[in-house]
Amino acid sequence: MVIPTLNAGPEFRPLLRKLFGQRGVREVEVVVVDSGSKDGTVELAREHGAVVVEIPPSEFSHSHARNLGARAAGGDWLLFMVQDAYPIGELWMHGMASYLRDHAAQGVVAASCAEFSRSERR
């Protein structure tokens, strides 16, 4: 899982817990590509076992950060997300991977899921 970050804030801790708590998959690897956080995002990511790639803010672009994260990842599957998304349920990652596996014969190589704003941000 690749997540570009910049000052991810207080909701980053529950996000990391939710990601590392996913069930139905053998292993979860989180790669954080941080572009200059000053709020403890990098330290928090490392405490939770994430791989951290740090870049200067001047080098940030969404595509560059994701490409760096993909290179740093060790798994066979890549899941790209953002720091303020929050997966619903403990089988979210399993569902994404299952869909890809189930449709591989049809040439499906990527999937996306819907995003909904949290109620306090509407």
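The values are calculated or read from the model by the stated rules, or taken from the named source; none is laboratory data. Since the model is a prediction, treat every value here as computed from it, not as a measurement. Positions of Cβ are generated from backbone atoms using ideal geometry, with glycine treated the same way; all protein chains shown enter the neighbour counts. The accessibility values were calculated without ligands, DNA or RNA, using every heavy atom of the protein model including side chains. Shrake-Rupley method; radii C 1.70, N 1.55, O 1.52, S 1.80 Å.
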Helix 62-72 sits off the longest principal axis of the Cα atoms of the chain, rounded to the nearest 10 on a 0 to 90 degree scale, by 70 degrees
For the chain, one quarter of the surface area of the C-alpha convex hull, expressed in nm², comes to 8.0 nm²
Nearest-0.05 FRET efficiency for Glu47 and Ser98 at R0 = 25 Å, using Cβ-Cβ distance, is 0.25
Scoring the chain by relative contact order with C-alpha pairs under 8 Å, at least six apart, yields a percentage of 33 percent
The percentage of the accessible area of the chain (probe 1.4 Å, all protein chains present) made up of carbon and sulfur atoms, to the nearest whole number, is 52 percent
With x for Gly and Pro, the residue-by-residue ³J(HN,Hα) of the range 24-37, computed from phi through the Karplus equation 6.51 cos²θ - 1.76 cosθ + 1.60 at θ = phi - 60° and given in whole Hz, is x, 10, 5, 8, 10, 10, 10, 10, 9, 10, 9, 10, x, 4
Given a 1.4 Å probe, the accessible area of the range 24-122 per residue, as a whole number of Å², is 67 Å²
Between the modelled labels at Ala105 and Leu91 (7 Å from Cα along Cα→Cβ) the distance in nm is 2.2 nm
If the chain between Glu27 and Ala114 were fully extended at 0.36 nm per residue, the gain over the current Cα-Cα distance would be 29.0 nm
Expected unfolding gain across Lys38-Ile55 under the 0.36 nm per residue rule, minus the alpha-carbon gap, is 4.8 nm
